[in-house]
Structure formats: structure tokens, C-alpha cells
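Peer 1: First the structure, then my questions, so here it is.
Only the coordinates and a few stated rules stand behind these numbers; no lab work does. Keep in mind that this is a model prediction, so the values were computed, not measured. Glycine gets a Cβ as well: all are built from the backbone with ideal geometry, and neighbour counts include every protein chain shown.
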Amino acid sequence: MEIGETRRGQILVLTPVGRIDNETSPAFQAKLLGAVGTNGATVLLDMSKVDYLSSVGLRALMVASKQAKAVNGRMAVAGLHPMVKEIFAISRFNYVIQVFDGVDDAVAAWS
């Protein structure tokens, strides 16, 4: 799995590409935990290029979200693919992690 990394001001934007499943989840989780581990980090996941997210992917997001909160940081997702958006809705994960329509929406809200 490829995970792009850019900055929008103080916001670190991570852009995973492909599927987040049993095979790719360990690398995804490691990258997320490294990103949110810094005190006060602001991390946004641009999920527009992720077409599938399994339960282990959700678990990785939950672990990273808890870690971000523990170090006074914040984490959110943006640009959910319709299938991933449905997974978030069914699992009620939108109550666990803030969801934005797009990266620009998140940047505007956090500025």
C-alpha cells in the first residue's frame, strides 16, 4: 500500500491508495501511529483513493484516534469513497472519527 504525505499548513495530510485490509493494515496502522504520536499533531486522512476498508482497517483508525487524543492531537478523515462511507455509517464510525466531505473542508474547519 502506498501512503502519500503532504502538508496543508499545520495539518499533515496522509493519502492512502488502494485497499485497507488484512494484508495492508499493519503498514497503514504503523504510518498512522507515527503521524499522530507527536504531541498536538493534526492529521487528516484523505481517503478518496481508498476503495475498501475492512474491520482491521477500522481498528487501525480507532487505535490511532485514541492515540491522537491521548497526546492532545486530532485526527479526521475526508473524501470517503461511497463504499467506505457506507462502512462508516453501518459501523457508526462517524461517531468515533470526524468525517469531512473533502480535504479543503477539513482545512477550512481547522483553520
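Peer 1: Let me have the 222 nm mean residue ellipticity of the chain computed from DSSP H runs of 4+ only, each contributing -39500 (n - 2.57), with the sum over all residues rounded to the nearest 500.
Peer 2: Numbers: 4 runs with 46 residues, N = 111.
That comes out to -12500 deg cm²/dmol.
Peer 1: Quick check: pseudo-label points 7 Å beyond the Cα along Cα→Cβ at ALA108 and MET83, how many nm apart are they?
Peer 2: Roughly 3.0 nm, to one decimal.
Peer 1: Additional query: Assuming 0.36 nm per residue, please report the length gained on full extension of the stretch VAL17 to ASP51 beyond their Cα-Cα distance.
Peer 2: Values: separation 34, 0.36 × 34 = 12.24 nm, distance 0.82 nm.
Contour length minus the Cα-Cα distance gives 11.4 nm.
Peer 1: Sticking with this structure for a sec: Within region 76-111, whose backbone N sits under 11 Å from a point 7 Å along Cα→Cβ of THR6?
Peer 2: 103-104
Peer 1: Still on this structure: If amide H atoms are built 1.01 Å from N in the plane of the peptide, which residues on other chains or at least 5 residues away come under 5 Å of the amide H of GLN98?
Peer 2: Close amide H contacts, sequence-distant or interchain: VAL77.
Peer 1: Right, something else. Relative to the compact globular guide of 2.2 N^0.38 Å, what is the alpha carbon radius of gyration of the chain, as a ratio?
Peer 2: Working it through for the chain, the quotient is 0.95.
Peer 1: Next question. Amide H to amide H under 5 Å from THR42: which residues, 5+ apart in sequence or cross-chain, H placed 1.01 Å off N in plane?
Peer 2: LEU12, ARG74
Peer 1: What whole number of Å gives the distance from the Cα centroid of region 29-48 to the Cα centroid of region 82-111?
Peer 2: Centre-to-centre distance over Cα atoms comes out at 15 Å.
Peer 1: Another question, then. Amide H of GLY18 versus every other amide H placed in the peptide plane: which residues, excluding those fewer than 5 positions away on the same chain, fall under 5 Å?
Peer 2: VAL50, ASP51
Peer 1: To continue, here is another question. Say each of ILE90 and VAL63 gets a label point 7 Å from the Cα, pointing the same way as Cα to Cβ; how far apart are those two points in nm?
Peer 2: 2.3 nm
Peer 1: Another question about this same structure. Ranking request for peptides 3-12, 44-53, 75-84, 95-104: highest mean number of other beta-carbon atoms within 10 Å first, then the rest in descending order. Each step should come with its number before you reach the end.
Peer 2: Numbers: 3-12: 13.3, 44-53: 21.1, 75-84: 19.1, 95-104: 15.4.
Ranked from most to least packed, the peptides come out as 44-53, 75-84, 95-104, 3-12.
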